[in-house]
1. Under the 0.36 nm per residue contour assumption, what length would be gained going from the current alpha-carbon distance of R68 and C31 to full extension?
2. Taking the Cβ of L167 as the center, what net charge do the other residues with Cβ under 15 Å away carry, scoring Lys and Arg +1 and Asp and Glu -1?
3. Averaging over every viewing direction, what projected area does the convex hull of the Cα atoms of region 108-171 cover, in nm²?
4. Keeping all protein chains in position, work out how much accessible area D161 exposes to a 1.4 Å probe, and write it in Å² to the nearest 10.
5. Given the peptides 129-137, 64-72, arrange them by the average over their residues of other C-beta atoms within 10 Å, most packed first.
Amino acid sequence: TAGETAPQAQPAAQGTQSRELALPGAQAEPCCMGTEARTMVAVLEQFSQEETADEATYRQFSRMAPSRTAAAVLRELGRQAGLRAKELAAVHYLITGEEQRAAAAAVVVQPQLSYRAMLRERYHAAVCNGFNYARAEEGTADPCLQRILERFSAENYAAADRLLRLLMQAQ
């Protein structure tokens, strides 16, 4: 009829979103990688920079290894650090919607460092990284971020164990 107005059509995505928000427990804010995770962005960026530097450092130190097996372990530890850096960049995007700036791979070259001293330095770095990831995991209420940080902590402690085994073999 002439006096009635037709209901305005909602875009399909908006209609779907409002139906999803009507579900029990639904929130407009994502339950993961949302507001709770935003407080950790600067910490995650620092972790990403450290992982990028660790990747380059392991690659460099693999050339010092006394055997192919030890070199392969060090290269693998570097590859794992690089994967964590990439995952942290993806997490950054999930939280902020922005691309993370590429971290510079700063490798501190210590020419007087022996192979054993390098293993010692890397062991302590891996343990500290594991501890720092565990502290960060405890410091966020975001469940998805907690899972990732807990996994990264475990991976760093596992890397420390591998470095300890390399050190045992170097004696």
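The values are calculated or read from the model by the stated rules, or taken from the named source; none is laboratory data. Here the structure is a predicted model, which means the values were calculated and not measured. Every residue, glycine among them, receives a Cβ derived from its backbone with ideal geometry; neighbour counts consider all protein chains shown. All accessible areas refer to the heavy atoms of the entire protein, side chains included, with ligands and DNA or RNA removed. Shrake-Rupley method; radii C 1.70, N 1.55, O 1.52, S 1.80 Å.
1. On the way: separation 37, 0.36 × 37 = 13.32 nm, distance 4.59 nm.
Difference between extended and current length: 8.7 nm.
2. Values: positive: R116, R120, R122, R162, R165; negative: E121, D161.
My count for the surroundings of L167 gives +3.
3. Working: hull surface 18.8 nm².
Averaged projected hull area, Cα only: 4.7 nm².
4. 80 Å²
5. Values: 129-137: 18.3, 64-72: 13.6.
In descending order of packing, they fall as 129-137, 64-72.
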